[in-house]
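The values are calculated or read from the model by the stated rules, or taken from the named source; none is laboratory data. Being a predicted model, the structure only gives us computed values, none of them experimental. Note that we place each Cβ from the backbone using ideal geometry, even for glycine, and neighbour counts take in every protein chain shown. To get the accessible areas, we keep the full protein, side chains included, count just its heavy atoms, and leave off ligands, DNA and RNA. Shrake-Rupley method; radii C 1.70, N 1.55, O 1.52, S 1.80 Å.
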Amino acid sequence: MKTKLFSLFVALLATTAQLAYGFWYDGLWYYVISEEDKTAWVTSYFDSNGDNYKVTSVDLPSFVTDEGTTYTVTGIDGRAFVNCTNLTSITIPNSVTSIGEYAFDGCINLTSITIPNSVTSIREYAFSNCTSLTFVAWNARNCKIDDSWSSPFSDSPITSFSFGEEVESIPEYLCSELSNITSATIPNSVTSIGSHAFFGCTGLTSVTIGNGVTSIGDDAFSGCTSLTSITIPN
């Protein structure tokens, strides 16, 4: 019995070591998600100088290399850039499919963000408390907001939310309670608007819905108390 328990302990250590394998690349810390698929996530709580709070601008690469092996950057880990108060810009490559919880929470000098069409999952509060964030370019083709009853941009003063022409669905809770948004134009490529997508957007005055939309979820525009103009296709 002791032998079996010891073997299990060794196996768990090996698994943990494999999952924890990481490396520095261009001043940021990455860890390997899959050796087989050659994928990695950025998880830079600290930069290579030991201080994440000095980061001002980040241009994430699509590929990173360690000891001769090239990995595709497919994710931004939860809390990777939390409270990077000097961060003013972040470029997310089209290789990224996942953005973790609180990834950019508290980045008070981040003014705009572009979500590429490759992103399929954003966790709760990924961009919350970004008190200078006013513009979001949303190009994610089909994305899910995971484990959240509110917008991943909650408590950020977003005034403009632009949807790209490749977007096929507006996920539920995407813009919920973002009270500074005044108008929304849904492109023709979109076929569905998720439940509570614009719930409680009290500053929203006009909505134009593209001719590709065939379904609108429950309470998608509930609580939009300033809404006076809605354009709905035939």
Given the conditions (1) closer than 24 Å to Thr214 by Cα; (2) of a type in the set (Ser, Thr, Tyr); (3) at pLDDT below 95, every one holds for Ser192 apart from (3)
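To keep it simple, each residue is scored yes or no on (1) open to solvent by less than 10 Å² (accessible area, probe 1.4 Å); (2) assigned to a loop (DSSP other than H, G, I, E, B).
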position: Asn117; (1), (2): no, yes
position: Ile122; (1), (2): yes, no
position: Tyr125; (1), (2): no, yes
position: Leu133; (1), (2): yes, yes
position: Arg141; (1), (2): no, yes
position: Ser151; (1), (2): yes, yes
With criteria (1) within 14 Å of the chain's Cα centre (by Cα); (2) part of a loop (DSSP other than H, G, I, E, B); (3) among the hydrophobic types (A, V, I, L, M, F, W, C), Cys84 comes up short on (1)
- Is it the case that Val207 is β-branched (Val, Ile, Thr) and in contact with a Phe, Trp or Tyr (Cβ under 8 Å, 6 or more places away or on another chain)? yes
Restricting attention to the stretch 168-202, the residues that are within 17 Å of Asn139 (Cβ to Cβ) and outside any strand (DSSP E or B) number exactly 11
Of those in the stretch 1-41 that are part of a strand (DSSP E or B) and either open to solvent by 100 Å² or more (accessible area, probe 1.4 Å) or farther than 20 Å from Val82 by Cα (or both), the residue modelled with the lowest pLDDT is Trp24
Residue set Ser156, Ser206; condition buried (at least 21 other Cβ atoms within 10 Å of the Cβ), out of contact with any Gly (no Cβ under 7 Å at 6 or more places or on another chain) and without any contact (Cβ under 8 Å) to a residue 60 or more places away in the chain; output residue Ser156
Scanning the stretch 44-73 for residues that are modelled with pLDDT of 90 or more and assigned to a loop (DSSP other than H, G, I, E, B), the one nearest to Thr114 (Cα to Cα) turns out to be Leu60
From the option list Glu101, Glu165, single residue qualifying as touching a residue at least 40 places away in the same chain (Cβ under 8 Å), in a loop (DSSP other than H, G, I, E, B) and touching a Ser or Thr at 6+ places or on another chain (Cβ under 9 Å) is Glu101
Taking the stated definitions as given, is Ala184 among the hydrophobic types (A, V, I, L, M, F, W, C) and surrounded by 21 or more Cβ atoms within 10 Å (Cβ to Cβ)?
yes
